[in-house]
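Comments concern the structure below.
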Amino acid sequence: MLSRYFSLRTKLILSFSMVIIVGVFLSTIVGVSLIGNTIVKQAQDKVRLDLNSAREVYQEESNNIKNTIRLTAIRLFMKDAILKSDRERLKAVLQKIRVDESLDILTLTDKTGRVIVRAHNPVIYGDQLNDEIVDWVLSKRQVVASTQIISREDLEKQGNDIASQSRIELIPTPRAIPRTEAEETSGMMIKAAAPVFGYNDELIGVLYGGNLLNRNYQIVDKIKDIVYKGEKYKEHDIGTATIFQGDLRISTNVMRDDGTRAIGTRVSEDVYNQVIEKGLPWIGRAFVVNAWYITAYEPIMNLKEEIIGMLYVGMLEAPYLDLRNQVVFTFLGIAFLSVILLSVIAYYVSVSISKPIRELALASDRIAKGDLSQRVRIESHDEIGQLANSFNQMTVALQKATENYLSCTRTLEKKVEEKTDELEKTQDYLIQSEKLASLGKLAAGIAHEINNPLTSILINSHLISEMLENDVAFGENLKLIIDETNRCSKIVKGLLEFSRQSPPEKEFANINEVIKKTLLLFESQVLANNVRAEKKLNENLPAILIDVNKIEQVLTNLILNALDAMPGGGILVISSQMSVDNQFVEVKIRDTGSGIPKEYISKIFDPFFTTKGIKGTGLGLSVSYGIVQQHDGTINVQSEVGKGTTIVISLPVEEKKDVLFKKEEDRDDK
Ligand SMILES: Nc1ncnc2c1ncn2[C@@H]1O[C@H](COP(=O)(O)OP(=O)(O)OP(=O)(O)O)[C@@H](O)[C@H]1O
Ligand SMILES: [Mg+2]
């Protein structure tokens with residue numbers, strides 16, 4: 001749920017880190033326990049082998065004694081002296097052999113087991129032995145060697161030094177089985193016995209000898225030297241060996257804290273139960289005296305195969321633990337470095353995945369805000385690269401569509417503007433037509449009412465003028481009346497023309513002819529005004545349906561206006577041509593006169609608009625406008641003040657050419 005609030009990058013980094021940490025954690029645990037187990041197992045394997053070596057050393061000692069006894073027993077002097085009961089000789093030789101062969105005891109009995117000579121303690125002899133080894137030889141007549149527990153009485157018979165060497169004070173030991181006695185007075189020996197035969201192979205005695213193991217460090221030190229080569233770890237011997245009498249250490253090189261050998265200490269209860277009680281070897285960790293050891297114990301048996309002691313080898317656990325710790329720490333170090341390295345890689349991978357997506361998101365955002373020029377630049381060829389590519393294509397398409405839309409809008413606006421202009425023009429045109437129509441009706445009424453009184457004023461004024469021929473004062477006044485009345489009648493005439501509602505009498509005519517005829521009327525006036533008149537007529541124009549008189553009137557008005565505009569002379573050009581769309585015949589009257597100021601252009605077609613004072617009526621253009629309108633044509637003005645004016649009349653073309661020529665011919669005939 002919380003993941004909703006994290007950025008993609010954070011999510012990627014978190015998940016990568018989880019995978020890395022869990023992976024490294026698990027592999028570390030597995031690795032460490034594997035390594036730890038392997039090291040411990042190796043140590044245990046080694047100590048098992050060491051125990052074998054220790055047994056060899058122990059066995060060798062036993063064999064040495066056995067050989068010594070066997071070889072001594074078959075020496076000739078033995079038979080000889082026994083048969084001759086030469087005790088003194090036996091004593092002397094056996095004492096020497098005991099010393100030479102480093103035996104603690106060397107004793108000879110007769111064939112019943114009665115002691116003849118104790119080489120170590122010759123004083124005591126003649127006693128009957130109760131010794132399992134001697135009994136065994138007496139019955140089996142063979143050489144034998146074995147470890148044996150020797151009672152205090154027997155030890156004392158061998159000598160006080162032997163008895164006191166055996167005596168070991170018990171030291172309280174944690175984890176050992178409690179014992180009530182304070183010291184051990186019996187001893188443990190490796191003993192060998194051999195039969196002595198007479199000349200006829202009859203058994204004449206038993207020779208036995210042996211070495212006391214209590215406080216005898218020869219074997220354990222030899223084991224240490226052979227197996228562990230005196231290796232030390234922090235001033236402690238790595239390897240140790242011990243011989244136990246029962247659970248008691250009687251010969252050892254395990255040291256106590258005070259540097260003395262740990263004689264008198266005892267084995268822990270666990271080991272005791274397994275080795276002494278059950279007779280099984282023990283391989284494993286054990287706390288020995290004052291430190292943890294990797295140990296191996298096995299039972300030592302007597303001739304009757306009763307367990308009487310143990311042989312032990314052990315290695316300090318500390319060096320192995322140190323090795324294991326070292327390996328574990330190295331492993332942890334590597335794991336830690338891996339986590340860091342993998343995290344860095346995960347970070348860069350996450351960034352490289354999330355960065356382009358972020359770029360896409362930002363670009364989309366900007367596009368949403370209207371910036372369509374956005375493009376993302378992602379070079380990779382993977383899915384994100386494809387996405388970026390599609391994104392860019394989409395943006396380009398969007399931009400094009402938007403541009404199209406905008407240009408459509410612009411076109412539409414332009415069209416609306418054009419149509420509005422057209423509408424406005426049409427509206428103007430309608431207003432103008434309306435204005436003219438209503439004005440025409442008014443003018444017709446007024447003209448009709450005024451024309452008759454004006455005629456009678458003129459007639460009577462002329463009569464009075466004739467009567468007062470010589471009266472100068474009245475004559476001038478009368479002339480003014482006549483002039484003004486003429487002017488009035490001119491206005492009335494114009495009004496009548498303007499208002500004449502009579503439908504045009506149309507016929508097919510050649511417009512060029514109409515132009516030529518009208519211009520001819522003005523020939524003298526053109527010359528007088530110092531104007532050059534030019535015709536540019538297209539001779540291939542079709543005949544058009546017009547009221548010739550009315551069109552003549554239009555042309556007259558326009559030519560008069562042009563001449564009025566050029567009081568100092570100029571050029572008058574009249575041209576005819578087809579319109580671009582071939583639907584109209586166009587007539588242009590161009591002058592190089594004063595031109596029309598812009599503000600007047602909209603007014604010049606209004607009736608009575610004039611800039612010519614009393615000389616003009618302001619009806620010329622409005623009359624012309626009405627006529628052209630009756631022909632379904634248009635009349636347009638282009639003018640520039642100081643340069644001149646061009647008036648264009650467009651008249652529609654209708655197709656009835658054959659009729660046209662006939663009528664023209666008729667007219668010519670008349
Ligand atoms: N060719 C032209 N050059 C300059 N101004 C012109 C031209 N044609 C018309 N005008 C202007 O238009 C006005 C109106 O012309 P319109 O012909 O209707 O009346 P008018 O010429 O003044 O009087 P009338 O035609 O009755 O003699 C003129 O007074 C003049 O100012
Ligand atoms: Mg005029």
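The values are calculated or read from the model by the stated rules, or taken from the named source; none is laboratory data. Because the structure is predicted, anything quoted here is derived from the model rather than measured. Ideal geometry is used to build each Cβ from the backbone, glycine not excepted, and the neighbour counts take in all protein chains shown. The protein model used for the area step is the full one, side chains on, heavy atoms only, and it has no ligands, DNA or RNA in it. Shrake-Rupley method; radii C 1.70, N 1.55, O 1.52, S 1.80 Å.
Quick check, is Ile571 under 22 Å from Gly626 (Cα atoms) and more than 60 Å from the chain's Cα centre (by Cα)? For Ile571, the condition - under 22 Å from Gly626 (Cα atoms) and more than 60 Å from the chain's Cα centre (by Cα) - is not met. With a requirement of 2 or more residues that are over 19 Å from Thr646 (Cβ atoms), the strands (runs of 3 or more DSSP E) lying completely within the stretch 491-589 that satisfy it span 507-509, 544-546. Sub-8 Å Cβ pairs linking a first residue in the stretch 401-412 that is under 17 Å from Ser373 (Cβ atoms) to a second residue that is outside any helix (DSSP H, G or I), at least 6 apart or interchain, are Thr402/Leu372, ordered by first then second residue.
Note on the stretch 304-334: residues that are modelled with pLDDT of 85 or more, of a type outside the set (D, E, K, R) and surrounded by 18 or more Cβ atoms within 10 Å (Cβ to Cβ) amount to 9. Based on this model, can you work out whether Val648 counts as within 12 Å of ligand 2 (Cβ to nearest atom) and crowded, with 17+ Cβ neighbours inside 10 Å? Spelling it out, it is not the case that Val648 is within 12 Å of ligand 2 (Cβ to nearest atom) and crowded, with 17+ Cβ neighbours inside 10 Å. Do we have any residue at all in the stretch 597-611 that's of a type in the set (Asp, Glu), out of contact with any strand residue (DSSP E or B) (no Cβ under 9 Å at 6 or more places or on another chain) and under 23 Å from Asn529 (Cα atoms)? No, there is no match, as no residue in the stretch 597-611 is of a type in the set (Asp, Glu), out of contact with any strand residue (DSSP E or B) (no Cβ under 9 Å at 6 or more places or on another chain) and under 23 Å from Asn529 (Cα atoms). Annotation: Phe609 fulfils all but one of (1) open to solvent by 20 Å² or more (accessible area, probe 1.4 Å); (2) in contact with a Lys or Arg (Cβ under 6 Å, 6 or more places away or on another chain); (3) in a strand (DSSP E or B); the unmet one is (3). Applying a threshold of 7 Å to beta carbon distances and a minimum spacing of six or more residues, or different chains, the list of pairs starting in the stretch 549-578 at a residue that is over 19 Å from Asn636 (Cβ atoms) and within 10 Å of ligand 2 (Cβ to nearest atom) and ending at one that is of a type in the set (A, V, I, L, M) and part of a strand (DSSP E or B) reads Leu563/Val531. Scanning the stretch 361-400 for residues that are in a loop (DSSP other than H, G, I, E, B) and of a type in the set (Asp, Glu), we see that the one that is farthest from Val349 (Cα to Cα) is Asp371. What is the number of the single condition among (1) more than 28 Å from Leu495 (Cβ to Cβ); (2) open to solvent by 80 Å² or more (accessible area, probe 1.4 Å); (3) in contact (Cβ under 8 Å) with a residue 60 or more places away in the chain that Glu586 does not meet? Only one criterion is unmet by Glu586, namely (2). When the criteria are applied in full, Val220 fails the requirement of being farther than 27 Å from Val99 by Cβ, β-branched (Val, Ile, Thr) and touching a residue at least 12 places away in the same chain (Cβ under 8 Å). Restricting the stretch 1-50 to residues that are under 18 Å from Trp282 (Cα atoms), out of contact with any helix residue (DSSP H, G or I) (no Cβ under 9 Å at 6 or more places or on another chain) and not polar (S, T, N, Q), the residue that is surrounded by the most Cβ atoms within 10 Å (Cβ to Cβ) is Val47. Just so you know, in the stretch 619-641 the residues that are assigned to a loop (DSSP other than H, G, I, E, B) and surrounded by fewer than 18 Cβ atoms within 10 Å (Cβ to Cβ) include one that is farthest from ligand 1 (Cβ to nearest atom), and it is Asp632. The strands (runs of 3 or more DSSP E) found entirely in the stretch 157-267 that carry 3 or more residues being within 27 Å of Gln142 (Cα to Cα) are 187-197, 203-212.
In the stretch 591-608, the residues that are within 13 Å of ligand 2 (Cβ to nearest atom) reach residues that are open to solvent by 30 Å² or more (accessible area, probe 1.4 Å) and not hydrophobic (A, V, I, L, M, F, W, C) with C-beta atoms within less than 6 angstrom, at least six apart or across chains, in these pairs: Ile596/Ser639.
Answer yes or no as to whether Ile614 is closer than 19 Å to Asn636 by Cα and within 14 Å of ligand 2 (Cβ to nearest atom). The answer is no for Ile614.
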